[in-house]
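A quick write-up on the structure given underneath.
None of the figures in this text is laboratory data; all of them are computed from the coordinates on show. Everything numeric here is computed off the predicted structure, so don't read it as measured data. Here the Cβ positions follow ideal geometry from the backbone for every residue, glycine too, while neighbour counts run over all protein chains shown.
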Number of protein chains: 2
Amino acid sequence: MAVYTEVDDDALESFLSEYDLGPPTSCKGIAEGVENSNYLLQTERGNFILTLYEKRVKREDLPFFLGLMEHLSAAGLRCPLPIRGRDGNVIRELCGRPAAIISFLQGLSTKRVLPDHCRQVGDALARLHLAGASFKLTRKNALSLEGWRPLFTATRDRADEVRAGLAESIERDLADITARWPADLPRGVIHADLFPDNVLFVADQLSGMIDFYFACNDFYAYDLAICLNAWCFERDLSFNATKAKQLVGAYSRVRPLSEREIAMLPLLARGSALRFLLTRLYDWLNQPAGALVRPHDPLEYEAKLRFHGSVRSATAYGL
Amino acid sequence: MAVYTEVDDDALESFLSEYDLGPPTSCKGIAEGVENSNYLLQTERGNFILTLYEKRVKREDLPFFLGLMEHLSAAGLRCPLPIRGRDGNVIRELCGRPAAIISFLQGLSTKRVLPDHCRQVGDALARLHLAGASFKLTRKNALSLEGWRPLFTATRDRADEVRAGLAESIERDLADITARWPADLPRGVIHADLFPDNVLFVADQLSGMIDFYFACNDFYAYDLAICLNAWCFERDLSFNATKAKQLVGAYSRVRPLSEREIAMLPLLARGSALRFLLTRLYDWLNQPAGALVRPHDPLEYEAKLRFHGSVRSATAYGL
C-alpha cells in the first residue's frame, strides 16, 4: 500500500467500544490492498479485518460497497460480512478516516491458477450477479467507457515512455471500442475486479471473494470479460482456452448467457483489457514516492488487448 | 518494512510440508518489522509468524536468535517459540531466503505507556536475564562501543544536515562515553531492543516479548538503560521518574542490581542514547527509495543523551 494509517491503542479501544466484539487480543497491519489501510484484528469473538479508507475510496461510495457485502452475505455468498456497531452502524470514524470492521475469510489467493479454479470462479461470479440483482443501491462504473478517455488524456503524452507507439495504438483501440460498445446488454451489480488476488481458496475450494471496492453497476458479461483477462492467460501471456471454457461454462450453467452476450464477449474483453491497460499505465507513470507496491506492468494488458482484437468470435475462447 | 518477499502458494505448500502444522488456511503479509518479511500464518493448529530473513539479518546469527527464543520459552518466558520441522530443524529456505516459523503471541503493543507497564517490563527483563544465563551460544553486540565509531564515521559528514553542530556534539559525547565505559559489569544475554513495539499486552498484562533480532551478550544494566530510554520519556521528551522507578524497582526485585551497576546507569543510558542516535541518524541519511516505514527522528535520542549527561547520579531516575 502507498499509505498506511497507524492506529494507536487509545483510538482502537475507543473505536471497539462501539462494538460487541470484546477487547482486542491482537491487531496487525497487513500488507494487502493498494487503496486502504487494513488490519487483521483478533478478539475473543474471532478474526476480523479493520479497514481505514484512504483517499482513493470515496466516502459517499461506502454505503454501496458495505451494503453490497452485507446483501451478498445474507444471500449466502462467501464474502466478508460488515460488522454493525451497537448503534447499528457499519461505517464510523477512526484516526480521521472512515473505517469499518468486516468478517475475516479464511483462505489463500492462488498464484498458480488451475482450470478448476476458473470453474469455481465462473460459478461464484454468476451467483454474485444473481444475488446482486435485488440490491437496492446503485453505483456508476467510473472505469467503463466514459472513464477511459480522461485516463487516456492523462497518460497520452508520456505513454510512449513505456513503449514507442503506445499512445497511437491506444488512440486507435479507444476509438474503435467506443464506436462498437453495446448499450443493451443485461446489467446489474458487478464485482469489476475479481482477480486471483481477490479470490480465496482453502484446499483448492473457493472460500471467499473479497475487495468489493470497485463494485458498480454494469454489464454482467463485462464482469465475465474481466475474469477472462484476469484468470485465463498464462504467465507468458498465451491464452488458455481450457480455463476460459471452464470459467464461462460454469458461469452460464448458473446464469445462462444470451447469444448476444456471447457474441459481444471479444469486444467486452478488449474493453476490459483497455481499462486495465489505462489504469496501469496511469499508475506506472504516477508512482508515488515511498509506495510499497510496485505498479503492475501495463504492457501485459496491451498484449491481452491485442489477443482479443485478433479473435473472430467467442469460439476462440473455447466456447 | 523496506523489503518484502512475496511467497507464492506452491512455495508455501512445499515449505509447510516439512512441518506438522497442517495446510495453511490463511497467510497475510504483516506490516511489521523493518528488517524482515513477516507473515501471519494460520493453519488448523493455530496462528504462527512466518519470517523470511532479509539481508540485514545475518544467516550465521540465526541459530543464536532462534535458539535463544526456544531456550527462553522453555524457561517459561512469554516469547515466541520456534517451530521445528519434521527433520528437527528450525531454519530452512523459502524463496531463496532463510526462513523460520515461530509461534504467534497474542497482545498489542502499547502506544500509551503507563507506570505499571514499566513495572511489568522491568520484571520481565530481569527474568529474561536470569533465564538467558544458561543459554550456551553467544553473540557479540555489534552496536555497542566498538560499533559506534564506524557508525559515526559513516554519518559525520552529513550529520549537520539534521541539526547544525550535531557532528561536533556527537564527537564530544563519543569520546567522553568511550573513555568512561566500564569493562567489568555483570553480563550475559540481553534483548537489546525492548522498545514498546516489542512488548505485547492483553488487558494491560504483559503477554509477550518479541523481536529478538538484536539480542546479544552485553552488560545486563545496559539492557535496562535501553529500557529507561525506550519507556520512561514522555512524548515531549520529559523524563518520567515514576516510570523509571517502577522499571528499575521491578527489575531489581528479580535480579538485584549491584551498587556499581546503579552508579553506572547514567553513563550506560548515555551510551544507549548514543547508540540509537547513531543508528537513527544513519537510517535517516540513508532512506531507501520505496521504504514503507519512515525512519525515526534521530534528534529524539540526542535530547535523551543530553538528559542523561545532565544527571549527577541514578537518584535522578527516582532510585
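Couple of notes before you dig in:
- Compactness of the range B:85-241 as Cα Rg over 2.2 N^0.38 Å, two decimals: 1.23
- Among B:284, B:181, B:148, the largest mean-square fluctuation in a Gaussian network model of chain B, built with springs joining Cα atoms closer than 10 Å, belongs to B:181.
- From largest to smallest, the equivalent ellipsoid semi-axes obtained for the protein assembly as shown from the alpha-carbon gyration tensor read 52, 26, 23 Å.
- Inter-copy label distances at residue B:285, shortest first and taken from points set 7 Å along Cα to Cβ: 3.9 nm.
- If R0 equals 25 Å, the separation of the Cβ atoms of residue A:187 and residue A:319 corresponds to a calculated FRET efficiency of about 0.75.
- Taking chain B and dividing mean pair separation by its residue count, relative contact order in percent (alpha carbons under 8 Å, at least six apart): 18 percent
- Most mobile of A:80, A:150, A:98 in a GNM of chain A (Cα contacts under 10 Å): A:150
- Cα-based convex hull, the range B:202-256, per residue volume (Å³, whole number): 122 Å³
- For residue A:197, the label point sits 7 Å beyond Cα toward Cβ; its separations from the matching points on the remaining copies run 2.5 nm, from shortest to longest.
- Sum of -39500 (n - 2.57) over DSSP H runs of 4+, divided by residues of the protein assembly as shown (222 nm, nearest 500): -14000 deg cm²/dmol
- FRET efficiency, 1/(1 + (r/R0)^6) with R0 45 Å, evaluated for residue B:235 and residue A:158 via beta carbons: 0.55
- Sparse-neighbour loop sites [GluC sites (Glu not before Pro); the range A:1-50; at most 12 other C-beta within 10 Å; DSSP]: A:6, A:44
- Helix B:62-74 axis, angle to chain B major axis (alpha carbon atoms, nearest 10°): 90 degrees
- The distance between label points at residue A:258 and residue A:45 comes to 4.4 nm (points 7 Å beyond Cα on the Cα→Cβ vector).
- For the range B:9-103: relative contact order, % (alpha-carbon pairs under 8 angstrom, 6 or more apart): 25 percent
- P(r) of the range B:158-276 over all Cα-Cα pairs, binned every 10 Å from zero, in whole percent: 12, 39, 36, 12, 2
- Inter-copy separations for residue B:44, label at 7 Å along Cα-Cβ, nm, ascending: 2.7
- Listed residues B:264, B:209, B:69, most fluctuating in chain B (Gaussian network, C-alpha, under 10 Å): B:264
- Residue-averaged beta-carbon neighbours from other chains (10 angstrom radius) around B:192-203: 1
- Computed P(r) (all Cα pairs; chain B; 20 Å bins; percent): 31, 58, 11, 0
- Taking a ≥ b ≥ c as the square roots of the eigenvalues of the alpha-carbon gyration tensor, the range A:9-103 is classed rounded because a/c is under 1.5.
- Against chain B, whose longest principal axis comes from its Cα atoms, helix B:241-254 is set at around 60 degrees.
- C-alpha center-to-center spacing [the range A:1-73, the range B:1-64] in angstrom: 23 Å
- In loop segments of the range B:1-100 as defined by DSSP, the trypsin sites (Lys or Arg not before Pro) with at most 14 further C-beta atoms inside 10 Å of their C-beta are B:45, B:55, B:56, B:58, B:86.
- When both the range B:162-185 and the range A:88-162 are represented by their alpha-carbon centers, they are found 55 Å apart.
- Judged by the mean number of other Cβ atoms found within 10 Å, the most tightly packed of the peptides A:128-140, B:114-126, A:212-224 leads the ranking A:212-224, B:114-126, A:128-140.
- Note on A:21-32: average number of Cβ atoms from other chains within 10 Å of each residue's Cβ is 6.
- The angle between the Cα long axis of helix A:166-180 and the longest principal axis of the Cα atoms of chain A comes to about 90 degrees, rounded to the nearest 10.
- Residue-averaged beta-carbon neighbours from other chains (10 angstrom radius) around A:59-66: 0
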